[in-house]
Amino acid sequence: MVSNKMPRSPSETLVVFLCVDMQRALPKNVWVLGVVAGLAMGPGAAIAQPNEDQLNNYARAVYEIELKRTELLTRARTYPNWERVARLAGDRNVSVCDLRPEEQPDFLRPLCGELFAFAEQERQRRGFATNRDFNEITKLQQQEPRVQRYIQQKMLELGRKR
């Protein structure tokens, strides 16, 4: 069963910042459907150095979540109100899933719920007990180019295996 409840507080939110440079290669409106929000930790929070298995699991989780996000985005684009809601989200610089519920068309809420539920399941499946565990690697890869390159490489390898 897919939950339509979308997390609203940072501590409930799984943060997925896709670390591959695909963002620069894709049109801007591709990135309006996503699972992103504030980090669940303060700006000065210490980040433990993850081991290779954790980085590999993180890369796999982000890769699988991105595949699901792309699938759901393709479905969302088939609805007549998609352009309007995508433009609204783009004007506010937020994900369509982060629009207020009353601003989201009926077709969108279940898609966002499906994406949030999938991301949560994938995080758990890859061995991250909490969103905070996952988000620590997200923040680390943003701060450490070496970690970011490693994760990018793993994601590219996963893409070649498909």
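Heavy-atom accessible surface of TYR79, to the nearest 10 Å², is about 100 Å², with a 1.4 Å probe and all protein chains retained. Per residue, the convex hull around the alpha carbon atoms of segment 112-162 comes to 100 Å³. Estimated at 0.36 nm per residue, the fully extended path between ARG160 and PHE107 surpasses their Cα-Cα distance by 15.8 nm.
Here's the list of aspartates and glutamates a cross-link from LYS68 could span, going by alpha-carbon distance under 16 Å and ignoring same-chain residues fewer than 8 apart: GLU114, GLU120, GLU122.
Across segment 50-125, Cα-Cα pairs more than 17 Å apart make up 50 percent of the total.
Per-residue extension of 0.36 nm, minus the Cα-Cα distance of GLN49 and ARG149, leaves a gain of 34.5 nm for this segment. Starting from the 7 Å offset along Cα-to-Cβ, what nm value, one decimal, do you get for the label separation of GLU83 and ARG132? According to this spin-label approximation, the distance is 4.6 nm.
The values are calculated or read from the model by the stated rules, or taken from the named source; none is laboratory data. These figures come from a predicted structure and were not determined experimentally. No Cβ is skipped: glycine too gets one built from the backbone with ideal geometry, and neighbour counts run over all protein chains shown. To get the accessible areas, we keep the full protein, side chains included, count just its heavy atoms, and leave off ligands, DNA and RNA. Shrake-Rupley method; radii C 1.70, N 1.55, O 1.52, S 1.80 Å.
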